[in-house]
Amino acid sequence: MPDLLIELFSEEIPARMQAKAAADLKARITDGLVEAGLTYAGAAAFATPRRLALRVDDLTARSPDVTEERKGPRVDAPEKAIEGFLRGAGVAREALIERNEKKGRVFYAVIEKPGRPAAEIVAEVLERTIRNFPWPKSMRWGAGSLRWVRPLHAILCILTTEEGSEVVPLEVDGIASGRQTRGHRFMAPDAFDVRGFDDYDAKLKRAHVVLDGAERADAIWQEATNQAFASGLEIVEDKGLLSEVAGLVEWPVVLMGEIDAEFLDLPPEVLQTSMKEHQKFFSVRNPKTARIERFVTVTNIATPDHGATILAGNQKVLSARLADAKFFWENDLRIAKGEKMQPWLDALESVTFHNKLGSVKDKVDRVAALARELAPAVSAEPDLAERAARVAKADLASEMVYEFPELQGLMGRYYSDAAGFAPQVAAACEEHYSPLGPSDDVPTAPVSVAVALADKIDTLTGFWAIDEKPTGSKDPFALRRAALGVIRLVLENGLTLALEPLFVSGLARKDIEDTGIARDLLSFFHDRLKVYLRDQGIRHDVIDACIAMPENDDLALLVKRAKALQAFLETDDGENLVQGFKRANNILAQAEEKDGVEYSFGADPKFAEDPTETALFDALEKAEAKIKPAMEAQDFGAAMGAMADLRAPVDAFFEAVQVNADSDVLRRNRLNLLSTIRQTCLQVADLTRIEG
């Protein structure tokens, strides 16, 4: 069976598009081949700045022959209908066969579709893929109609067997397929023939092209860490930058350069961000001082002077960039030290947060008030929490954050320190945006927690107030992330916090007194909590059973209850008691519907006839004596344990007793006994929501 090799050779493909383009090429080609009846053993796609490549191993040599039966009109149908069927099926009149069916004799066409050679199918699929490739952005060039991310120069397409290789003939917009490719643009620009993937891969390496992006990234990282280690330094890890740089070069050459001494006292984050964003440089850190002292750049060419000229040019450009950063830094420090950031705070009044929610200054005022309100609940000093909230967003007006928005918060910490504010305030400036994602650390310092919670709750209540909620996959204001941030702040800090009053308070600061909005926002939190807990293995029906209980806006209490309930349900007693509860509840619901009354007036032990009834009365009394204080103490484990003790007497009762007895007195008493079972169990969780 032949192996297929495809290469689409073009001008430079942007690094950010390469991985998806390789995946799209693989998916579209292999899907097309399979749909046409071919099978294969394996496939792998590759991307470099100048080429997309695909290998498909053990492709079947031709598609199978196919026989298709197509039902036509009745034999006595109008001639035009029969002729239309013949044209559609592509068969002659004499090739039709007749069959008896319920509605009479019907024509059938038997269509023989012979298999086709793999080369013919590959040509069709590849041409369709090239003409309809899903680039995020594409262009036309010359006089042709083809659109590609950058001008496409050549198509390599060959099928290889043990006997040799053959070119799959096709032409797209004047570009004919062949077996030639080219190596590195400068170091090996001449064309050469290839016979198969192994030959292709080996010849590319000799022509200074590393085909596999992961191999390029590994080579870059290995050489960079070796050079840094040799100087007693270490590379600051950045997987995103590594992936991007690996997509910029076909033959990575790693060079390490110096940073001018005048810039070494800049904050390391400023150096790292400036070099990454403007130059795509890796930062090299001194592990003893944590200062960024050097940089690593990756070039696409080996030079006779071992990169000296390239490094000199890079250092010159870098110095100019860092001179700007130094100017911003020094100017910002003067404002932070001399004026306590006040000009920035004033400037926030002219920065719009949202056209319906006012300026950033308006938001800061609301967050400061809410942080003060929250402070006692998170063990923070109210004055410090309010002060931190008032300066936490001041750095948004600084020159450094204007140039590098990703440094917001972090620069706030530096400027807060420079202004002489308390360390807790500086920490809150940096940490109040956190957590930004599921893997981000959660602040634990009380002032930071107060400001982070206040900031997120203000954002959520604000957008709920103006009815700008997430819909489907759309969440332009990252409100799901904000809600998850609140959930993690509460749970991971073990906070006892009633959210609904905070929502009402946040809405009131926007002149909204509609408690329905607060409840709707709480429902949104419950939905996010379900996702969060589901990832931790808590069943959705268990969460629903706990959300249905009072105080469901206390997330820590809710989660504690859910974990206890799940642990209870994983025991035999728990599982069986739930079945007993459901049986009692079903019998009771049917009787109440039939009789038009509610059986909740308490059963009387004196009407018990069977020993199992007496035992159940005793068990329920003992359970109630344990469950009530346990629930008041929020000891859900103890409450579940007391409920588990009911399993045996409930089972025995249903085994021995007929609830709907002939005697009305016995029947009513037993139904009231079932009501006691229901009321006792529902104190712990809404077991009606448990599935199974």
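Taken together, the values in this text are just the output of simple stated rules run on the coordinates, not laboratory data. The structure presented is a predicted model; accordingly, all values stated were derived computationally and were not measured. Because the Cβ atoms are built from the backbone with ideal geometry, glycine has one as well, and the counts that use them run over all protein chains shown.
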Please turn the phi angles of region 451-458 into ³J(HN,Hα) values with the Karplus equation 6.51 cos²θ - 1.76 cosθ + 1.60 (θ = phi - 60°), one per residue in order, whole Hz, x for glycine and proline.
6, 4, 5, 4, 4, 6, 5, 4
So if I take the centroid of the Cα atoms in region 41-96 and the same for region 238-286, what is the distance between those two points in Å?
54
Which distance in Å, rounded to a whole number, links the C-alpha centroids of region 628-692 and region 461-532?
36
At a Förster radius of 25 Å, what calculated FRET efficiency corresponds to the Cβ-Cβ distance of D604 and K582, to the nearest 0.05?
0.50
May I ask for the distance between the Cα centers of region 536-578 and region 1-37, given as a whole number of Å?
49
For R62, which sequence-distant residues (separation of 5 or more, or a different chain) have an amide H within less than 5 Å of its own amide H, given hydrogens modelled in the peptide plane?
A118
Given Cβ point charges of +1 (Lys, Arg) and -1 (Asp, Glu) and nothing else, what value in debye, to the nearest 20, does the dipole of region 462-516 about its Cα centre take?
280
Quick one: 3J(HN,Hα) in Hz for region 149-164, Karplus 6.51/-1.76/1.60 with θ = phi - 60°, rounded, Gly and Pro as x.
4, 9, x, 8, 9, 8, 10, 9, 8, 9, 10, 10, 10, 5, 7, x
Projecting each Cα onto the charge dipole of the chain (Lys/Arg +1, Asp/Glu -1 at the beta carbon, about the Cα centre), which of A219, M275, G90 comes out farthest on the positive side?
G90
So how do 150-159, 511-520 stack up, highest first, on mean other-Cβ count within 10 Å?
150-159, 511-520
Positive dipole terminus of the chain, leading residue within F46, L170, A685 (C-beta point charges):
L170
Take every DSSP beta bridge whose two residues both sit in the chain, then give the antiparallel share in percent to the nearest 5.
95
Packing rank of 663-669, 674-680, where each peptide gets the mean count of other beta carbons within 10 Å, highest leading:
674-680, 663-669
Using amide H atoms built in the peptide plane, which far-off residues or other-chain residues are under 5 Å from R294 H to H?
V284
Eigenvalues of the Cα gyration tensor times 5, then square-rooted: what semi-axes does that give for region 567-689, in whole angstrom, largest first?
24, 15, 14
Subset of K340/K510; K71/K103; K239/K474 violating a 19 Å alpha-carbon distance limit:
K340/K510; K239/K474
Where nothing but the Cβ of Lys and Arg (+1) and of Asp and Glu (-1) is charged, how large is the charge dipole of region 567-689 around its Cα centre, in debye to the nearest 20?
200
Could you go through region 486-496 in sequence order and give the Karplus-derived ³J(HN,Hα) for each residue, using 6.51 cos²θ - 1.76 cosθ + 1.60 with θ = phi - 60°, rounded to whole Hz, and x for Gly and Pro?
4, 4, 5, 4, 5, 6, 6, 9, x, 8, 9
Under the rule of at least 5 residues apart or a separate chain, name every residue whose amide H is placed under 5 Å from the amide H of D645.
none
Of I111, I82, how do they rank once you tally other Cβ atoms within 10 Å and put the fewest first?
I111, I82
Using a Förster distance of 56 Å, how high is the FRET efficiency between N226 and D527, based on the Cβ-Cβ distance and rounded to 0.05?
0.70
Taking the Cα centre of the chain as the origin, how large is its charge dipole in debye, to the nearest 20, when only Lys and Arg (+1) and Asp and Glu (-1) carry charge on their Cβ atoms?
1740
Length gained if A302 through E277 is fully extended, taking 0.36 nm per residue and subtracting the Cα-Cα distance, is 6.6 nm
How about region 590-692: which GluC sites (Glu not before Pro) there are in a DSSP loop, with at most 14 other Cβ atoms within 10 Å of their Cβ?
E598, E609, E691
Near K560, which aspartates and glutamates are there with a Cα under 13 Å away, not counting those fewer than 8 places off in the same chain?
E492, E551, D635
Charge dipole of the chain built from unit charges on the beta carbon (Lys, Arg +1; Asp, Glu -1), centred at mean Cα; most positive-end Cα among L616, Q315, F197 is F197
Taking chymotrypsin sites (Phe, Trp or Tyr not before Pro) in a DSSP loop with at most 13 other Cβ atoms within 10 angstrom as exposed, one finds the longest site-free stretch of the chain at 187-600
CD proxy at 222 nm, helix term only [per DSSP H run n ≥ 4: -39500 (n - 2.57); per residue of the chain; nearest 500]:
-16000 deg cm²/dmol
